[in-house]
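The values are calculated or read from the model by the stated rules, or taken from the named source; none is laboratory data. The model shown is predicted, which means the values in this text are computed figures rather than measured ones. Note that we place each Cβ from the backbone using ideal geometry, even for glycine, and neighbour counts take in every protein chain shown. Heavy atoms of the whole protein, side chains included, go into the accessibility calculation; ligands, DNA and RNA do not. Shrake-Rupley method; radii C 1.70, N 1.55, O 1.52, S 1.80 Å.
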Amino acid sequence: MKKRYFKCILIGVLWLCTGLLHAQDDRFTAIEQKLKDAAKQTPGLKDPVDLSVNNTSIQEFVRAIAVSNSINVYVEPTLDIKITNNFTNVPAIDVFMFLCRKYDLDITLIGNIISFSKYLPPAITQPVTPVKQVNVTFNSFNNALSLDLNNDSLVAVAKAITRKSQKNVVLAPDLISKMVNGFIQNMPFDNALEKFAFGNDLKITKTDDNFYLIEKKDAAKTNGGGTGANSSGLNTSGAKPTIPAGLTLKRETDSTVSVVGNNIPITDVAAAVSAELKNQYYLFSELKGNTSLNVQNVTYDKFLKNLLNGTDFTFKKQGEIYLIGDRSIEGLRATKIVQLKFRSIEKIIDFIPVELKKGVDIKTFTDLNSLILSGSQPRINEIESFLRDLDRIVPNISIEVIIVDVSDSKSLSTGIQAGLGTPPNTTNQLFPGFDYSLSTSFINSVIDGINGFGNINLGHVSPLFYVTLKALESNGNIKIRSTPKLATLNGHEAKISIGSQQYYLETTTNVTGGVNNTVSQGQTYKPVNADLSVVINPVVSGDEQITLDIHVKQSSFTERIAPTAPPGTTTRDFQSLIRVKNDEMILLGGLEENSMNDSGTGTPILSRIPIIKWLFSSRTKSKKKSKLTIFIKPTVIY
């Protein structure tokens, strides 16, 4: 018998699951058909998708497909789904169907816009039971009440009496399901209610603010013959609360409850939970709006915090009474000074999220490196918690830089020059190198010494005749070393620049028109810089690995093309992004420059004949090599 019973249950469960699966299949089939119909106007739905993502939000994932395939989409911002997938050559329709099946989504077409949302199962409609009309009449002229009741709901009777007489009749929570009877014809209102209560074993109490409270007789005796209530919203009776329709409320312990409800007014939820836990509260303003909630075994403070989070309302506990109302109301507004220990407040406000700053006035107090926060206490607590997480020691990085610039040069100049005119500049040097210019008188004296040997008469040279003799060789080996030290905060640039400055002459001519044109000239010396600059931006990771963004630029002067012309410049520039360990030295090299020069002038043919070519030519050979090497050593200092 038991086996047969179990088998029947199993068959029923399988039948139910099969029905649900068929319903889901029908839903996905309808979605797929929608997409196929939409593909007639949006061809991109049939185009393939090549996309690989890791822990990406569904909004960004769908947006990437829409951009690549020219599809108009909308994804609800409330969808909190992270996607990790790799799609290769898959039609967009198949990807969208996969998302619907995998994450239980629904697709709606609005024109050629495809909208993604969370699938909500259709609500099961309950059959509506016709409401029985309650036979209650009230004569406002003589304040007379008439009742003709036959097994009617006490709730419906109380509503009918309140609606027709404009006098509030309130029931105790345990009378919601009670049915009542009675017939009263044209009696004064208070007497009619008293006799109605006597006939149904009830107790009616009229309060100072003209409310009529109905409760059971035994409850009235327990409470001393009445229920305490006042207009401030303080709950002091200890009676069971009136549970709003659709709200499930269960007390777990003396200080915790479980609450489940869908689209319930916030005011009703707060009142029911407050009464259940016997907490006194005072409402400064009406709590507008509805809420849906499902919380288990929570304290009253945590319940209020979650209930009012995201609304314009807040609460504050003063003694044993909870003050509830708008965040900006005096009494609920708080002010606090938050002092930072390690960070500067100059830019800290820019890092606070906009949502946290909403409704909170923030001022800087530089003298104490503090922020003054004024607003609701929960928002202030959130901002303070965020600032405490942000207020950490920022490491300093000490950077030791060693710059080595080595230059090696060789040059050789030889030859004889002769001519008419002004001789070129010479040093008239005889030792160690030979660079000498022979004057006209010296040459004529040598010729006079030769004249007189026999019939030899060479005459004299012109006064403008000159001869220069040159035989020079030079070697140079220069090594320049500098060791600057830099220090900077984590994530901030450190920069050093070493260089020289030269000037060139710039001449300007100005012509002023008029009867007689006036010409004026001006001269200005303008600077030209040649620098070695090193810019380093260090970033320290959690394991004290240091990422260095390095930019090195070196420029140097070359020869001028004219005495007043600007000097030429050569530039060597490189950038590097590397990671090193704390207190580890790295070497950056390779900025090397080589130059060679082999030039000469001479008499055609004669300047090429060995030996005598030295008498008919002038030659210059030079070779120069320079190399820049940089050593960098970062050290983290806390």
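So that you can scan it fast, the table gives a plain yes or no per residue for (1) under 19 Å from LEU277 (Cβ atoms); (2) touching a Ser or Thr at 6+ places or on another chain (Cβ under 8 Å); (3) among the hydroxyl-bearing types (Ser, Thr, Tyr):
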{"residue": "LYS302", "(1), (2), (3)": "yes, no, no"}
{"residue": "LEU308", "(1), (2), (3)": "yes, yes, no"}
{"residue": "TYR322", "(1), (2), (3)": "yes, yes, yes"}
{"residue": "ASP326", "(1), (2), (3)": "no, yes, no"}
{"residue": "THR335", "(1), (2), (3)": "no, yes, yes"}
{"residue": "VAL338", "(1), (2), (3)": "no, yes, no"}
{"residue": "ARG343", "(1), (2), (3)": "no, no, no"}
{"residue": "ASP350", "(1), (2), (3)": "no, no, no"}
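With (1) open to solvent by 100 Å² or more (accessible area, probe 1.4 Å); (2) over 18 Å from ASP26 (Cβ atoms) as the list, and LEU120 as the residue in question, which single condition is left unmet?
Of the numbered conditions (1) open to solvent by 100 Å² or more (accessible area, probe 1.4 Å); (2) over 18 Å from ASP26 (Cβ atoms), the odd one out for LEU120 is (2).
Output yes when any residue across the stretch 391-406 is open to solvent by 70 Å² or more (accessible area, probe 1.4 Å) and at pLDDT 75 or above, and no when none is.
Restricting attention to the stretch 391-406, the residues satisfying the condition of being open to solvent by 70 Å² or more (accessible area, probe 1.4 Å) are 392-393.
Subset that is at pLDDT 75 or above: 392-393.
Yes - at least one qualifying residue is present in the stretch 391-406.
If I filter the stretch 167-190 for residues that are under 60 Å from the mean Cα position of the chain (by Cα), open to solvent by less than 70 Å² (accessible area, probe 1.4 Å) and free of Cβ contacts under 8 Å to residues at least 24 places away in the same chain, do I get at least one hit?
Scanning the stretch 167-190 turns up no residue that is under 60 Å from the mean Cα position of the chain (by Cα), open to solvent by less than 70 Å² (accessible area, probe 1.4 Å) and free of Cβ contacts under 8 Å to residues at least 24 places away in the same chain.
Table: residues versus (1) touching a Ser or Thr at 6+ places or on another chain (Cβ under 8 Å); (2) part of a loop (DSSP other than H, G, I, E, B).
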{"position": "LEU287", "(1), (2)": "yes, yes"}
{"position": "LEU293", "(1), (2)": "no, no"}
{"position": "VAL298", "(1), (2)": "yes, no"}
{"position": "LYS305", "(1), (2)": "no, no"}
{"position": "THR311", "(1), (2)": "no, yes"}
{"position": "LYS316", "(1), (2)": "no, no"}
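Name every residue in the stretch 157-166 that is free of Cβ contacts under 8 Å to residues at least 24 places away in the same chain and touching a strand residue (DSSP E or B) at 6+ places or on another chain (Cβ under 7 Å), in order of residue number.
Once the filter is applied, which keeps residues that are free of Cβ contacts under 8 Å to residues at least 24 places away in the same chain and touching a strand residue (DSSP E or B) at 6+ places or on another chain (Cβ under 7 Å), the stretch 157-166 yields VAL157, THR162.
Please determine whether any residue of the stretch 360-367 is out of contact with any Leu (no Cβ under 9 Å at 6 or more places or on another chain), assigned to a strand (DSSP E or B) and open to solvent by 80 Å² or more (accessible area, probe 1.4 Å).
no
Select, from ASP50, ASP80, the only residue that is in a loop (DSSP other than H, G, I, E, B) and open to solvent by 40 Å² or more (accessible area, probe 1.4 Å).
Working: ASP50 fails: in a loop (DSSP other than H, G, I, E, B).
Going through ASP50, ASP80 in turn, just one is in a loop (DSSP other than H, G, I, E, B) and open to solvent by 40 Å² or more (accessible area, probe 1.4 Å): ASP80.
Consider the stretch 485-524. How many of its residues are modelled with pLDDT under 80, surrounded by 13 or more Cβ atoms within 10 Å (Cβ to Cβ) and part of a loop (DSSP other than H, G, I, E, B)?
Total satisfying the criteria: 0.
Yes/no matrix, rows are residues, columns are (1) part of a helix (DSSP H, G or I); (2) at pLDDT 85 or above:
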position: PHE141; (1), (2): no, no
position: LEU145; (1), (2): no, yes
position: ASN150; (1), (2): no, yes
position: ALA156; (1), (2): yes, yes
position: LYS167; (1), (2): no, yes
position: ILE184; (1), (2): no, yes
position: ASP190; (1), (2): yes, yes
position: LEU193; (1), (2): yes, yes
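Condition (residue is part of a strand (DSSP E or B), within 30 Å of THR248 (Cα to Cα) and open to solvent by less than 50 Å² (accessible area, probe 1.4 Å)) applied to the stretch 325-339: is it met by at least one residue?
yes
A quick yes/no check of all residues on (1) at pLDDT below 85; (2) open to solvent by 30 Å² or more (accessible area, probe 1.4 Å):
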{"position": "LEU287", "(1), (2)": "yes, no"}
{"position": "ASN294", "(1), (2)": "no, yes"}
{"position": "VAL298", "(1), (2)": "no, no"}
{"position": "ASP301", "(1), (2)": "no, yes"}
{"position": "LYS305", "(1), (2)": "yes, yes"}
{"position": "PHE315", "(1), (2)": "yes, yes"}
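Can you confirm whether ILE345 is of a type in the set (A, V, I, L, M) and surrounded by fewer than 16 Cβ atoms within 10 Å (Cβ to Cβ)? Break it down stepwise before answering.
Numbers: of a type in the set (A, V, I, L, M): yes; surrounded by fewer than 16 Cβ atoms within 10 Å (Cβ to Cβ): no.
Against the criterion (of a type in the set (A, V, I, L, M) and surrounded by fewer than 16 Cβ atoms within 10 Å (Cβ to Cβ)), ILE345 does not qualify.
Would you call ASP543 within 30 Å of ILE586 (Cβ to Cβ) and open to solvent by 70 Å² or more (accessible area, probe 1.4 Å)? Write out each step before concluding.
Working: within 30 Å of ILE586 (Cβ to Cβ): yes; open to solvent by 70 Å² or more (accessible area, probe 1.4 Å): yes.
Spelling it out, ASP543 is indeed within 30 Å of ILE586 (Cβ to Cβ) and open to solvent by 70 Å² or more (accessible area, probe 1.4 Å).
Being under 16 Å from GLY499 (Cβ atoms), without any contact (Cβ under 8 Å) to a residue 60 or more places away in the chain, assigned to a loop (DSSP other than H, G, I, E, B) and not small (Gly, Ala, Ser) is the filter here, so list the residues in the stretch 542-571 that pass it.
THR558
For the stretch 276-283, state whether one or more residues are open to solvent by 30 Å² or more (accessible area, probe 1.4 Å), assigned to a strand (DSSP E or B), touching a residue at least 24 places away in the same chain (Cβ under 8 Å) and among the charged types (D, E, K, R).
No, there is no match, as no residue in the stretch 276-283 is open to solvent by 30 Å² or more (accessible area, probe 1.4 Å), assigned to a strand (DSSP E or B), touching a residue at least 24 places away in the same chain (Cβ under 8 Å) and among the charged types (D, E, K, R).
Select from the stretch 143-156 the residues that are in contact (Cβ under 8 Å) with a residue 40 or more places away in the chain and either among the basic types (Lys, Arg) or open to solvent by 30 Å² or more (accessible area, probe 1.4 Å) (or both) and list them in ascending order.
ASN143
Just the residues that are in a strand (DSSP E or B) and open to solvent by 20 Å² or more (accessible area, probe 1.4 Å), please, taken from the stretch 368-390.
The answer is ILE372, SER374.
Sort out which residues of the stretch 361-398 are in contact (Cβ under 8 Å) with a residue 12 or more places away in the chain and within 30 Å of ASP583 (Cβ to Cβ), and write them in order of number.
LEU390, ASP391, ARG392, ILE393, VAL394, PRO395, ASN396, ILE397, SER398
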